[in-house]
Amino acid sequence: MNVGTRSSVNVTMKIGAVTETVEVQSESPLINDENASVGQVITNQQLTDLPSANRNVYNFLSLDSTVNGQGVNGGNAESFRLESGGTMSIGGGRPSSVTFKVDGEPLEARSGQTVAAAMLAAGRRVLRHTRHQSKPRGLFCAMGVCFDCVMIIDGEAGVRACMTKVRDGMQVVSPRSFEPYECKS
């Protein structure tokens with residue numbers, strides 16, 4: 001047989017004898033069609049097996065399949081707090097979000113995002129303009145090494161947008177031409 005050649009084989013199959021019996025029994029349905037409540041029973045063994053050396057109540061969240069996000073398995077209350085960048089989602093809900101302003105324009109961001117990431121997600125590729133020639137600059141290294149993303153954040157000049165997490169009510173100004181400043185390390 002050569003590559004690309006088609007061939008066929010006709011096979012005749014015969015019906016065999018029945019040698020096996022299947023018995024079907026009714027059990028509780030997998031889908032609850034009577035009401036919209038969702039419940040879960042946590043067994044004593046699951047509680048015993050929890051990694052709860054520090055007795056943190058948030059470890060219980062990892063038992064529920066409807067809970068996900070940063071911090072679920074870490075068992076940390078910070079997962080719920082906006083100011084610490086929590087991204088906990090329960091029952092399919094959206095993770096927490098914050099609103100901040102860039103040059104007076106309100107932007108919505110996911111809690112825990114950096115200023116630079118939130119601006120890029122909102123379609124703002126230019127983060128600032130250079131001081132001397134007013135050339136546009138965007139995100140370059142994204143790890144706090146270069147100075148392409150320095151901005152004025154809450155009145156403080158020279159703050160790296162790639163390293164600063166958004167906070168609710170934060171005020172960000174894109175530098176265009178202003179007095180010289182020192183970059184924060």
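Each reported figure results from applying straightforward, stated rules to the coordinates on display, with no laboratory input. Since the model is a prediction, treat every value here as computed from it, not as a measurement. We place every Cβ from the backbone using ideal geometry, glycine too, and count neighbours over all the protein chains shown.
What to note about this one:
- Overall form of the stretch 109-149 per C-alpha gyration tensor (a/c, 1.5; a/b vs b/c): oblate
- Summarising the amide proton neighbourhood of residue 150: residues at separation of 5 or more, or on other chains, whose placed amide H is nearer than 5 Å comprise 161.
- Interchain or long-range residues, amide H under 5 Å from residue 102's placed H: 107, 172
- Summed side-chain charge close to residue 139 - residues other than residue 139 whose Cβ falls under 12 Å, Lys, Arg +1, Asp, Glu -1: +4
- Considered as an equivalent ellipsoid built on the Cα gyration tensor, the stretch 97-173 has semi-axes of 19, 13, 11 Å, the largest given first.
- J(HN,Hα) series, the stretch 113-127, from Karplus relation 6.51 cos²θ - 1.76 cosθ + 1.60, nearest Hz, glycine and proline x: 6, 7, 4, 4, 5, 5, 5, 5, 5, 8, x, 9, 7, 8, 8
- Highest mean first, the peptides 13-24, 142-153 sorted by other C-beta atoms within 10 Å per residue fall in the order 142-153, 13-24.
- Estimated vicinal HN-Hα couplings, Hz - the stretch 17-25 in sequence order (Karplus 6.51, -1.76, 1.60; Gly, Pro = x): 7, 7, 10, 9, 10, 10, 10, 9, 10
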